[in-house]
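S.K.: There's a structure below that I have some questions on.
The values are calculated or read from the model by the stated rules, or taken from the named source; none is laboratory data. All of these numbers come straight from a predicted model, not from anything done at the bench. All Cβ positions, glycine included, derive from the backbone under ideal geometry; neighbour counts span all protein chains shown.
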Amino acid sequence: MRIPEVTTGLLKQFKGCFAPLSCNKYASNVVEKFLLESGENNSETIIMELLKSRSAPRLLLDPFGNFVIQSALSASKGHARDALLKLIQVNERLMQSNLYGKKILATLEKRKLQKA
């Protein structure tokens with residue numbers, strides 16, 4: 001992440017694969033790292049790719065994908081954040097009955113309390 005040329009190259013290689021990578025035990029850590037440390041533009045690109053994926057709702061309930069979504073919440077701003085919050089809102093009922101979905105909802109609630 002500290003060498004922009006390498007980061008750009010990796011992002012190009014992973015393009016189109018971020019959703020499946022997010023559901024893998026080890027690859028999800030790489031996606032989280034990209035979200036948190038590759039800069040706002042790159043993070044937004046990754047988040048929008050995740051949200052456009054057919055498996056976006058699955059990430060909310062996945063044992064590893066939920067951590068990626070939590071990192072995306074931390075890294076997101078503006079349009080990407082709004083779209084991410086919309087995905088969570090639409091799937092909130094389903095998330096309330098899932099261990100991993102509950103973790104995302106708890107993270108959101110915690111952030112709301114910190115802002116208040």
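S.K.: Assuming SER43 fulfils every condition listed in (1) touching a residue at least 12 places away in the same chain (Cβ under 8 Å); (2) surrounded by fewer than 20 Cβ atoms within 10 Å (Cβ to Cβ); (3) among the small types (Gly, Ala, Ser) apart from one, which condition is it?
M.R.: Every listed condition holds for SER43 apart from (2).
S.K.: Within region 50-82, track down each residue that is touching a Cys at 6+ places or on another chain (Cβ under 9 Å) and within 22 Å of GLN13 (Cβ to Cβ). Quick ask: steps written out before the conclusion?
M.R.: Within region 50-82, the first condition is being touching a Cys at 6+ places or on another chain (Cβ under 9 Å), and the residues that meet it are 55, 58-59, 62-65, 68.
Once the filter is applied, which keeps residues that are touching a Cys at 6+ places or on another chain (Cβ under 9 Å) and within 22 Å of GLN13 (Cβ to Cβ), region 50-82 yields SER55, LEU59, PHE64, GLY65, VAL68.
S.K.: Which condition number in (1) more than 17 Å from GLU109 (Cα to Cα); (2) among the polar types (S, T, N, Q); (3) under 11 Å from the mean Cα position of the chain (by Cα) is the one that SER71 fails?
M.R.: (1)
S.K.: Failed condition for LEU61, given (1) over 18 Å from GLN89 (Cβ atoms); (2) modelled with pLDDT of 95 or more; (3) touching a helix residue (DSSP H, G or I) at 6+ places or on another chain (Cβ under 7 Å), with all others met?
M.R.: Only one criterion in (1) over 18 Å from GLN89 (Cβ atoms); (2) modelled with pLDDT of 95 or more; (3) touching a helix residue (DSSP H, G or I) at 6+ places or on another chain (Cβ under 7 Å) is unmet by LEU61, namely (1).
S.K.: While we're on this one: Could you give every pair whose Cβ atoms fall below 9 Å, whose first residue belongs to region 46-73 and is at positive phi, and whose second residue is crowded, with 17+ Cβ neighbours inside 10 Å and not acidic (Asp, Glu), counting only separations of at least 6 or pairs across chains?
M.R.: Going by the 9 Å Cβ cut-off, there are no qualifying pairs.
S.K.: Kindly provide the set of residues from region 92-116 that are touching a helix residue (DSSP H, G or I) at 6+ places or on another chain (Cβ under 9 Å), closer than 17 Å to ALA75 by Cα and either among the hydrophobic types (A, V, I, L, M, F, W, C) or surrounded by fewer than 10 Cβ atoms within 10 Å (Cβ to Cβ) (or both), ordered by number.
M.R.: If the condition is that a residue be touching a helix residue (DSSP H, G or I) at 6+ places or on another chain (Cβ under 9 Å), closer than 17 Å to ALA75 by Cα and either among the hydrophobic types (A, V, I, L, M, F, W, C) or surrounded by fewer than 10 Cβ atoms within 10 Å (Cβ to Cβ) (or both), then ILE104, LEU105, LEU108 are the ones that fit.
S.K.: In this structure, is ASN66 buried (at least 18 other Cβ atoms within 10 Å of the Cβ), under 20 Å from LYS112 (Cα atoms) and over 11 Å from the mean Cα position of the chain (by Cα)? Steps first, answer last, please.
M.R.: Working: buried (at least 18 other Cβ atoms within 10 Å of the Cβ): yes; under 20 Å from LYS112 (Cα atoms): yes; over 11 Å from the mean Cα position of the chain (by Cα): no.
The answer is no for ASN66.
S.K.: Given the conditions (1) assigned to a helix (DSSP H, G or I); (2) out of contact with any Leu (no Cβ under 6 Å at 6 or more places or on another chain); (3) of a type in the set (Gly, Ala, Ser), and given that GLY16 satisfies all but one, which numbered condition is not satisfied?
M.R.: Here GLY16 clears every test but (1).
S.K.: Right, something else. I need a count of the residues in region 97-116 that are touching a Leu at 6+ places or on another chain (Cβ under 8 Å) and part of a helix (DSSP H, G or I).
M.R.: Going residue by residue through region 97-116, those that are touching a Leu at 6+ places or on another chain (Cβ under 8 Å) are 98, 100-101, 104, 107-108, 111.
Pick out the ones that are also part of a helix (DSSP H, G or I) and you get 100-101, 104, 107-108, 111.
The total comes to 6.
S.K.: Across region 31-40, what is the total count of residues that are crowded, with 16+ Cβ neighbours inside 10 Å and assigned to a helix (DSSP H, G or I)?
M.R.: 4
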